[in-house]
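Here is the structure we will look at, set down as structure tokens.
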Amino acid sequence: MARWDEILSLPVQNPPSLEFSAADLVWSKVEGWRDNIDRVALIPYARVDDFVRGESSNKDCPTRFHVEARRKRPLEMAYKPKVDGILEYILYWCSFGPDDHRKGGIVRPSRTNYVPKKNNAGRPNTKRGCTCHFIVKRLIAEPSVALIIYNQDKHVDKKGVPCHGPQDKKAAGTRAMFAPYISEDLRLRVLSLLYVGVSVETIMQRHNECVERQGGPTNRDDLLTHRYVRRQERSIRRSTYELDADDEISIDMWVESHQSHVFFYEEFSDSEPFTLGIQTEWQLQQMIRFGNHSLVASDSRFGTNKLKYPIHSLLVFNSDNKAIPVAWIIAPAFGSTDTHRWMRALYNRVCTKDPSWKLAGFIVDDPLADVLAIRDVFQCSVLLCFWRLRHAWHKNLVKRCQETAMRVEMAGQLGQAVDSICRGNGNMDLFQSFMDDFVEARHFMDYFKAVWYPRIGSWTAALKNLPLASQETCAAMEFYHNQLKLRLLNEDNTSAYQRADWLVDKLGTTVHAFFWLDEYSEKEDFSRYRKDEWASGLTSWRNALKIPDSDVKLEGKFAIITSQTHRDIVHIVWNPGSVFSLCDCDWADMGYLCEHVFKVIKVCRERGSALPSISLFQYKRALLDMLHCPPHDSLVRDHAISLAVFIEKQLSSLIDEGSSNITNKPQSIRVISENQGGDLVEERNENSSSSSDGHNCVDTSETPGRTTENLGGHLTDMAVEPNGFCNETGKENCGKMDVDGPSICSLTPRLLHVEEAPSNGFLLEKRGSDSISKTTDVVNAPSLGGNDLADFKA
């Protein structure tokens, strides 16, 4: 096989880790230049930087690789599509080479003007003749793939002796023992602390104290110098966001210098609006870490009234369920509906880093969000969070309605309207009745009719058709909204808000620094230097969990709750048990849901004086709908397919062994039904006749397995059929499965005996009187495992 044919036939390797090294790849040897044998591998071109960082983090020999040489074909240059044509050539070399500035070392002729330092041994810029290097080629034939040629992978000099790192005995006691530069994590830490206003002296004092506690330097980060921190502080102080007087030109210049932070950019044109998507490397890592098999939420309209362009934030939730921004999209309000292209670009960026990444759900806060685009790109469910609606109504009720009694009554009726619509019992007429009942509240009604009544139709449709996110999610998004407001909109000169270059610079520097420090484990060392913008902590939902039940007293239409910070202060919560409750604390006066409201809701539901949450109601209703008539992509449908395929494989293996091994004796099928009153276990003969009512018969020529259960007092009889999973009492409402016909129709009547088949844990846990009956055990199927069906709590 020719050299390039052999290279192009190699698999493209994409390790799932955020960074990877040569040890994580499988290397192939092909014929190289001058009859040498090259050690090569193919990786996605977008992950070259991940490979460079992973290779630099070698524990046996920490280092840093720099670009020694680069050749790039201009985009406008015409070229022939040759199989060995190169779009880009990059030579990465260990930063301890290739020159050798040690005594007696060899320096290339082009570097003869180098002036030796007084004591150059072990300095970060010292060259020690390391020969470790690799070549990256971007081929014309495959522009999305990078060819790595890694022949010199040992950190040795030309004599073959280790020249730096722990293996170099002469480097002991010098900085050559460690990497030549500080890590990316420490660099981000220093920059973030400087952006939020911590002084250089304070940073160095805390750093030196930490090094002393551990008994001296153990890595390159411990050798952080005052000079380096001072140089970073000077660079930040002298920088400016206004790169050009023209805002659009300034944005273009920023994008050009921050290519690694931009995942989507569309300039203003006649056909497309301006759109800029920002995501730093740290944000990408958080999206992969906390978003995989989890939720991503959308805060779509921040700064609509103050900023030139509103900010669309994408959020993930950490272990404390606090929101972390993982992407910012800046676009005009009229262009916010065109989301498919930047979503696709963001999804491709994440999957390039981690091909196994998959989203479990996407939460929107706008009823006009492009749900079809979200489902098409992320292939997940879409949920609705109405925190923005509730927040605006709450804030304006406090602002525009001075009479407490009327304010409480209005909030309660609004809450009842939203609750009825979400439970399928109401429509827009509820809001018309609301406006008729409170004509006296003229200031609020003028605001409601002008701002919200035109949108009520879209909100009503969204509340009916989309499942609701939990109240904990609402609390997290409200907390993020307040944090972003404090950290972004704090300029003395408000004219800067009308420039897009100020916005992107502030987001990428100061705002990003605040959120990075929120996740920094040692942030408490700098707590005395915090300002209001650095205010952090738990969400209202988490704070409510700390309030004991003894501090809550229900008094009819209001509740009294003792403050946790000042025990001599009590707060009053009106409309207890409702999400539209009103409290007299400072956080609630700003329109947010406070911990007192959440605690009263929890107590009311435990005592039975309030209905369960809408999210739980919709979840239970979805489970009942799935059991009666499973949707196209339901778990029951997947289980039915796996059941049929399992039986087909079993039968095929028996047929292959010969017809003499197939027994014709009757086999029993076990049907297990469990209702709220007790358990029923029934065994039926395969050749037995049908029951008298005709609903509980098992036809083994068509039905590999069968389940019966009692839901709400009505017997539901379901059977796995070749064309679907159907309810015997309501077949006309059942969907068909997309199953290959021959694979199902080829099943023979025989079923395995009960004792021959593995058991299946197809159960839903029953908790309390409100929980759904446990579904039945389906025999003769492979086990789905304990995590395939969710536990739900009343």
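To keep it simple, each residue is scored yes or no on (1) in the same structural domain as Leu295 (by TED's automatic domain parsing); (2) under 30 Å from Asn427 (Cα atoms); (3) out of contact with any strand residue (DSSP E or B) (no Cβ under 8 Å at 6 or more places or on another chain); (4) not aliphatic (A, V, I, L, M).
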position	(1), (2), (3), (4)
Met477	no, yes, no, no
Tyr480	no, no, no, yes
Ala500	yes, no, no, no
Lys506	yes, no, yes, yes
Leu517	no, no, yes, no
Arg542	no, no, yes, yes
Thr565	no, no, yes, yes
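For residues that are touching a residue at least 24 places away in the same chain (Cβ under 8 Å) and not hydrophobic (A, V, I, L, M, F, W, C), scanning just region 6-16, find the one that is farthest from Ser57 (Cα to Cα). Quick ask: steps written out before the conclusion?
Step one: list which residues in region 6-16 are touching a residue at least 24 places away in the same chain (Cβ under 8 Å), which gives 6-8, 10-14, 16.
Next, from what is left, pick out any that are not hydrophobic (A, V, I, L, M, F, W, C): 6, 11, 13-14, 16.
On the way: Glu6: 31, Pro11: 25, Gln13: 20, Asn14: 18, Pro16: 17 Å.
Applying the filter and picking the extreme gives Glu6.
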Practice prompt. Report, by residue number, each residue of region 349-360 that is under 13 Å from Asp376 (Cα atoms) and loosely packed, with under 15 Cβ neighbours inside 10 Å.
Written response: none
Practice prompt. Spot the failing condition for Ala245; the list is (1) in contact (Cβ under 8 Å) with a residue 12 or more places away in the chain; (2) among the small types (Gly, Ala, Ser); (3) over 30 Å from Ala475 (Cα atoms), and only one is missed.
Written response: (1)
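So, in region 130-165, of the ones that are touching a residue at least 24 places away in the same chain (Cβ under 8 Å), part of a loop (DSSP other than H, G, I, E, B) and over 39 Å from the mean Cα position of the chain (by Cα), which residue ends up farthest from Arg53 (Cα to Cα)? Give the derivation first.
In the first step, residues of region 130-165 are kept if they are touching a residue at least 24 places away in the same chain (Cβ under 8 Å); the result is 130-151, 153, 155-158, 162-165.
Filter once more, keeping what is part of a loop (DSSP other than H, G, I, E, B): 130-132, 140-144, 153, 155, 157-158, 163-165.
Retained after the next criterion (residues that are over 39 Å from the mean Cα position of the chain (by Cα)): 130-131, 157-158, 163-164.
On the way: Cys130: 18, Thr131: 18, Asp157: 22, Lys158: 25, Cys163: 21, His164: 18 Å.
Result: Lys158.
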Fill in: Leu372 vs. criteria of a type in the set (A, V, I, L, M), part of a loop (DSSP other than H, G, I, E, B), at pLDDT 90 or above and more than 19 Å from Phe263 (Cβ to Cβ)
no
Worksheet item: For region 25-56, what are the residues that are surrounded by 15 or more Cβ atoms within 10 Å (Cβ to Cβ) and of a type in the set (S, T, N, Q)?
Response: Ser28, Ser56
Item to complete: Residue by residue through region 426-468, note down the ones that are without any contact (Cβ under 8 Å) to a residue 40 or more places away in the chain, among the hydroxyl-bearing types (Ser, Thr, Tyr) and farther than 13 Å from Leu389 by Cα.
Response: Ser433
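Residues that are among the charged types (D, E, K, R), in contact with a helix residue (DSSP H, G or I) (Cβ under 7 Å, 6 or more places away or on another chain) and more than 15 Å from Trp342 (Cα to Cα): does region 245-255 have at least one?
Of the residues in region 245-255, the ones among the charged types (D, E, K, R) are 246-248, 252.
Remaining after also requiring in contact with a helix residue (DSSP H, G or I) (Cβ under 7 Å, 6 or more places away or on another chain): 247.
Okay, now just the ones that are also more than 15 Å from Trp342 (Cα to Cα), so 247.
The answer is yes, given that some residue of region 245-255 is among the charged types (D, E, K, R), in contact with a helix residue (DSSP H, G or I) (Cβ under 7 Å, 6 or more places away or on another chain) and more than 15 Å from Trp342 (Cα to Cα).
Conditions (1) touching a Gly at 6+ places or on another chain (Cβ under 6 Å); (2) closer than 21 Å to Arg53 by Cα; (3) of a type in the set (D, E, K, R), marked per residue:
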{"site": "Val190", "(1), (2), (3)": "no, yes, no"}
{"site": "Leu194", "(1), (2), (3)": "no, no, no"}
{"site": "Arg206", "(1), (2), (3)": "no, no, yes"}
{"site": "His226", "(1), (2), (3)": "no, no, no"}
{"site": "Asp244", "(1), (2), (3)": "no, no, yes"}
Discussion item. Of the residues Arg220, Arg206, Arg128, Arg175, only one is modelled with pLDDT under 85 and surrounded by 14 or more Cβ atoms within 10 Å (Cβ to Cβ); which?
Written reply: Arg175
Worksheet item: Among (1) in contact with a helix residue (DSSP H, G or I) (Cβ under 7 Å, 6 or more places away or on another chain); (2) more than 21 Å from Glu248 (Cβ to Cβ), where does Arg499 come up short?
Response: (2)
Worksheet item: Tally time: how many residues in region 27-50 are of a type in the set (A, V, I, L, M, F, W, C), over 16 Å from Lys154 (Cα atoms) and touching a residue at least 60 places away in the same chain (Cβ under 8 Å)?
Response: 5
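So which of Glu242, Glu233 is surrounded by 15 or more Cβ atoms within 10 Å (Cβ to Cβ), of a type in the set (D, E, K, R) and farther than 30 Å from Gly97 by Cβ? I'd like the intermediate steps shown before the answer.
Numbers: Glu242 fails: surrounded by 15 or more Cβ atoms within 10 Å (Cβ to Cβ).
From the options Glu242, Glu233, the qualifying one is Glu233.
Which of the helices (runs of 4 or more DSSP H) found entirely inside region 480-589 contain at least 3 residues meeting this: in contact (Cβ under 8 Å) with a residue 12 or more places away in the chain and more than 30 Å from Asp246 (Cα to Cα)?
Qualifying helices (runs of 4 or more DSSP H): 512-518, 540-544, 586-589.
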Practice prompt. Under 9 Å between Cβ atoms, at least 6 apart or on separate chains: pull out the pairs that start in region 596-619 with a residue that is over 25 Å from Asn465 (Cα atoms) and of a type in the set (D, E, K, R) and end on any residue that is in a helix (DSSP H, G or I) and at pLDDT 90 or above.
Written response: Lys599/Asn543; Lys599/Ala544; Lys599/Asp549; Lys599/Asp551; Lys602/Ala544; Lys602/Asp549; Glu606/Asp549
Worksheet entry | region 207-228, subset assigned to a helix (DSSP H, G or I), touching a residue at least 12 places away in the same chain (Cβ under 8 Å) and in contact with a Leu (Cβ under 9 Å, 6 or more places away or on another chain), residue nearest to Met177 (Cα to Cα) | Arg220
Item to complete: Would you mind finding the one in Leu315, Leu284, Leu295, Leu276 that is in contact (Cβ under 8 Å) with a residue 40 or more places away in the chain, out of contact with any strand residue (DSSP E or B) (no Cβ under 6 Å at 6 or more places or on another chain) and crowded, with 20+ Cβ neighbours inside 10 Å?
Response: Leu284
Response to the item:
Apart from one, (1) at pLDDT below 95; (2) surrounded by 18 or more Cβ atoms within 10 Å (Cβ to Cβ); (3) in a helix (DSSP H, G or I) all hold for Pro367; the odd one out is (3)
Discussion item. Considering only residues that are surrounded by fewer than 18 Cβ atoms within 10 Å (Cβ to Cβ) and part of a helix (DSSP H, G or I), which ones fall in region 245-273?
Written reply: Asp247, Glu248, Ile249, Asp252, Met253, Val255, Glu256, Ser257, Gln259, Ser260
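Of the residues Val408, Val439, Val398, which single one is outside any helix (DSSP H, G or I), surrounded by fewer than 21 Cβ atoms within 10 Å (Cβ to Cβ) and aliphatic (A, V, I, L, M)?
The conditions single out Val439.
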Item to complete: State whether the residues of region 7-24 include one that is surrounded by fewer than 16 Cβ atoms within 10 Å (Cβ to Cβ), out of contact with any helix residue (DSSP H, G or I) (no Cβ under 8 Å at 6 or more places or on another chain) and among the polar types (S, T, N, Q).
Response: yes
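One line per residue, one yes/no per condition, for (1) part of a loop (DSSP other than H, G, I, E, B); (2) in contact with a strand residue (DSSP E or B) (Cβ under 7 Å, 6 or more places away or on another chain):
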{"residue": "Val30", "(1), (2)": "no, yes"}
{"residue": "Val40", "(1), (2)": "no, yes"}
{"residue": "Ile43", "(1), (2)": "no, yes"}
{"residue": "Asp49", "(1), (2)": "no, no"}
{"residue": "Arg53", "(1), (2)": "no, no"}
{"residue": "Asn58", "(1), (2)": "yes, no"}
{"residue": "Pro62", "(1), (2)": "yes, no"}
{"residue": "Glu68", "(1), (2)": "no, yes"}
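Which one of Val190, Val198 is more than 25 Å from Tyr92 (Cα to Cα), in contact with a Phe, Trp or Tyr (Cβ under 7 Å, 6 or more places away or on another chain) and either of a type outside the set (Val, Ile, Thr) or not assigned by TED's automatic domain parsing to the domain that holds Thr352 (or both)?
Details: Val190 fails: in contact with a Phe, Trp or Tyr (Cβ under 7 Å, 6 or more places away or on another chain).
Answer to the selection: Val198.
The values are calculated or read from the model by the stated rules, or taken from the named source; none is laboratory data. Computed from a prediction, not measured in an experiment: that's the story for all the values here. Note that we place each Cβ from the backbone using ideal geometry, even for glycine, and neighbour counts take in every protein chain shown.
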